[in-house]
Amino acid sequence: MTSTPFDFTPLIPAGLPPAAVRWTGRAKYDFTGGNNDPDSLPLEGLIAAAEAVMRREGRTLASYGLTSGPQGYRPLREFLVAKLKADAGIRCTADDILITSGSLQGLELVNGTLLARGDTVIIEEDCYQGSINRLLRLGVTPIGIPLDREGMRIDALAAALDDLKRKGVRPKYIYTIPTVQNPTGTILPVARRRKMLELSAAHGVPIFEDDCYCDLIWSGERPPAIYALSERGGVIHIGSFSKSIAPALRVGYIVAPWDVMSRMLPLKTDAGSGALEQMVLAEYCAGNFSKHVPLLRRSLRAKLVTLMESLKEHFGEAAEFDDPRGGIFLWVKLPDGVDALKLYQPALAAGVVINPGPEWSVNKERARSRMRLCFASLSHEEIHQGVAALADVCRKEFGVPR
Ligand SMILES: Cc1ncc(COP(=O)(O)O)c(C=O)c1O
């Protein structure tokens, strides 16, 4: 008997994403991903919530969807109805909400419902890599709109919509992360939200609002959601508990009118998102969310200050950035001679992982010397040491900082 190993390669269809690289553990100084602050995780509260809800309702786990139907655990949706009204001005009912496995599944479901190969959508030029990659994989063309310090530039959006109209192209949606944008950290002011809605109405293009960082504004005051400002619908809103509680829970949500919801539900083929997570979140959040989030924000803000001070100390003038009003990322511009994609490997070899700018932008050239740093999950000491190590590598590779 020969022991030639079975070869799956010829069976794998064309068009799959590139093969994954095996995980070898986290780097010493990992500034990537959307991870959260482990010390701010409300662990005791989640443990108590799990115990209480399991003792009270645990037997409902015997049914798919608990006793809440396919849109997710009803008490969690009811918590969201109250939260979205209080924080974002959204008036909706539990029937307008679908609980998803992270807001990534929300992205998949909205895309699955609205997009076909060859379509065009509008996005912010610098944008969440997960959104850009999904669009490219679907064969959809993302048109990037430049941002300034107040988020998506509305003059550029208007020009892009006019240009597409002249070409006979009606984009499928305007995708925006208006409240603490990823990666730039900008917040779209109310006036721009209203203008975006006017353009959306004039061109018949809906808005896809991704609001997963909305709880992380340092001041605690957020503008109303675009969904809330719309008087005629045409907005789909997604959110997440990843950034406010914990990303590993994998709980997000979609708020959408029934004509969209009814088309998304058949695409959610996992027979419901994890019930335990939804139950624990509902139990915990009802009494504790509004107390927990300010503590998390304070801790994140302090880490951001450490990151900005470390960059000033070790990079000096070579690192340019705006002080973001919230979130977990800093979008850093290095001198033009630095190629962030080429900085990645030597930095990794020194134990520092960064997100190179071109992976977070549709304008690869403009983002060439930029990087995104997540400051949430490292300790203050690690942030400081990681930036020092990164500066050493950057100096060796590119001669900056001097
Ligand atoms: C803008 C944006 N949308 C969606 C997601 C997905 O988050 P999750 O699936 O954990 O809710 C992320 C994660 O970083 C994000 O930055």
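Quick one: ranking ASP259, ASP37 by accessible area, 1.4 Å probe, largest first, what do you get?
So, going from the largest accessible area down, we get ASP259, ASP37.
GLU221 accessible area, nearest 10 Å², 1.4 Å probe?
140
Listed highest first by mean packing, meaning other Cβ atoms within 10 Å per residue, what order do 260-268, 181-189, 94-102 come in?
181-189, 94-102, 260-268
Among DSSP beta bridges lying fully in the stretch 120-187, give the percent that are antiparallel, nearest 5.
So the antiparallel bridges amount to about 35 percent of the total.
List the residues, sorted by chain then number, that are 5 or more residues from THR186 or on another chain and whose placed amide H is less than 5 Å from its amide H.
For THR186, whose amide H was placed from the backbone, the distant partners under 5 Å are GLN181.
The stretch 210-289 to the stretch 372-396: how many Å between their Cα centroids?
Here the answer is 32 Å between Cα centres.
Just check the stretch 162-268 against the gyration tensor rule for me: Cα atoms, a ≥ b ≥ c as the square roots of the eigenvalues, rounded for a/c under 1.5, and otherwise prolate or oblate depending on whether a/b exceeds b/c.
Taking the square roots of the gyration eigenvalues as a ≥ b ≥ c, the stretch 162-268 is oblate.
Explain nothing, just the number: relative contact order of the chain, from Cα pairs under 8 Å at least 6 residues apart, as a whole percent.
Value for the chain: 23 percent.
Among THR141, GLY168, ILE154, whose Cα projects farthest towards the positive end of the dipole of the stretch 132-211, with charges put on the beta-carbon of Lys, Arg (+1) and Asp, Glu (-1)?
GLY168
Step through the table entries LYS195/LYS333; LYS85/LYS268; LYS243/LYS364; LYS303/LYS333; LYS243/LYS303; LYS85/LYS303, compare each Cα-Cα distance with 22 Å, and write down the pairs that go over it.
Table pairs above 22 Å Cα-Cα are LYS195/LYS333; LYS85/LYS268; LYS243/LYS364; LYS85/LYS303.
Considering only TYR253, PRO266, GLY287, whose Cα is most displaced toward the positive end of the charge dipole of the stretch 204-338, charges sitting on Cβ of Lys, Arg (+1) and Asp, Glu (-1)?
Value: GLY287.
As I understand it, the dipole of the stretch 1-148 uses +1 on the Cβ of Lys and Arg and -1 on the Cβ of Asp and Glu, about the Cα centre. Which of SER3, ILE99, ALA50 lies farthest toward its positive end?
Going by the charge dipole, the pick is SER3.
What figure in square angstrom, to the nearest 10, would you give for the accessible area of CYS127 with a 1.4 Å probe?
0
For the chain, what mean projected area does the convex hull of the alpha carbons give, in nm²?
23.3
Could you check how many percent of all C-alpha pairs in the stretch 30-130 are farther apart than 20 Å?
Here the tail beyond 20 Å accounts for 62 percent of pairs.
Using the Karplus equation 6.51 cos²θ - 1.76 cosθ + 1.60 (θ = phi - 60°), what ³J(HN,Hα) coupling, rounded to whole Hz, does each residue of the stretch 308-319 give in order, writing x for Gly and Pro?
After applying 6.51 cos²θ - 1.76 cosθ + 1.60, I find 5, 5, 5, 5, 5, 5, 9, 10, x, 5, 5, 10 Hz.
Keeping all protein chains in position, work out how much accessible area THR141 exposes to a 1.4 Å probe, and write it in Å² to the nearest 10.
Answer for THR141: close to 70 Å² accessible.
Classify the stretch 1-63 as rounded, prolate or oblate, taking a ≥ b ≥ c as the square roots of the eigenvalues of its Cα gyration tensor: rounded when a/c is under 1.5, otherwise prolate if a/b is larger than b/c and oblate if not.
Oblate.
Which sequence of VAL205, VAL21 reflects their accessible areas, 1.4 Å probe, from the largest down?
Numbers: VAL205 0, VAL21 130 Å².
These residues rank, largest area first, as VAL21, VAL205.
Could you order ARG26, ARG153 so the one with the most accessible surface comes first? Probe is 1.4 Å. List each step's numbers first, then the result.
On the way: ARG26 120, ARG153 80 Å².
Heavy-atom accessible area, descending, gives ARG26, ARG153.
With only Lys, Arg, Asp and Glu charged, each at its Cβ (+1 for the first two, -1 for the last two), find how big the charge dipole of the stretch 197-259 is about the Cα centre; round to the nearest 20 debye.
Around 200 debye, computed over the stretch 197-259.
Please check: in the Gaussian network model of the chain (C-alpha springs, under 10 Å), which one of MET54, MET279, MET196 has the largest mean-square fluctuation.
For the chain, modelled as a Gaussian network with Cα springs under 10 Å, the answer is MET54.
Considering the zone a paramagnetic label at GLU44 would reach in this model (a point 7 Å from Cα along the Cα-to-Cβ line), which residues of the stretch 262-305 have amide N under 15 Å from it?
In the stretch 262-305, the label zone of GLU44 (backbone N under 15 Å from the point 7 Å along Cα→Cβ) covers 288, 292.
Show that you can apply the helix-only estimate: for the chain, add -39,500 (n - 2.57) for every DSSP H stretch of four or more residues, divide by all residues, and state [θ] at 222 nm to the nearest 500.
Rounded to the nearest 500, the figure is -12500 deg cm²/dmol.
For the stretch 221-321, what relative contact order do you get, as a whole percent, if you take Cα pairs closer than 8 Å and at least 6 residues apart?
After rounding, I find 16 percent.
Which cross-chain or sequence-distant (5 or more) residues have an amide H under 5 Å from the amide H of ILE143, H modelled 1.01 Å from N in plane?
For ILE143, the qualifying residues are VAL121, ILE122, ILE123.
Compute, for the stretch 161-245, the length of the dipole vector about the Cα centre, with Cβ point charges of +1 (Lys, Arg) and -1 (Asp, Glu) only. Units Debye, rounded to 20.
380
In the neighborhood of LEU197, defined by Cβ-to-Cβ distances under 13 Å, what is the net charge if each Lys or Arg adds +1 and each Asp or Glu adds -1?
+2
Based on the alpha-carbon gyration tensor of the stretch 245-319 and its eigenvalue square roots a ≥ b ≥ c, which shape applies: rounded if a/c is under 1.5, prolate if not and a/b is larger than b/c, or oblate?
Verdict is prolate for the stretch 245-319.
With +1 on each Lys and Arg Cβ and -1 on each Asp and Glu Cβ, and nothing else charged, work out how big the dipole of the chain is about its Cα centre, in Debye to the nearest 20.
For the chain, the charge dipole is close to 520 debye.
The values are calculated or read from the model by the stated rules, or taken from the named source; none is laboratory data. Computed from a predicted structure; not experimentally measured. We place every Cβ from the backbone using ideal geometry, glycine too, and count neighbours over all the protein chains shown. For accessibility, only protein heavy atoms count, side chains too; no ligands or nucleic acids. Shrake-Rupley method; radii C 1.70, N 1.55, O 1.52, S 1.80 Å.
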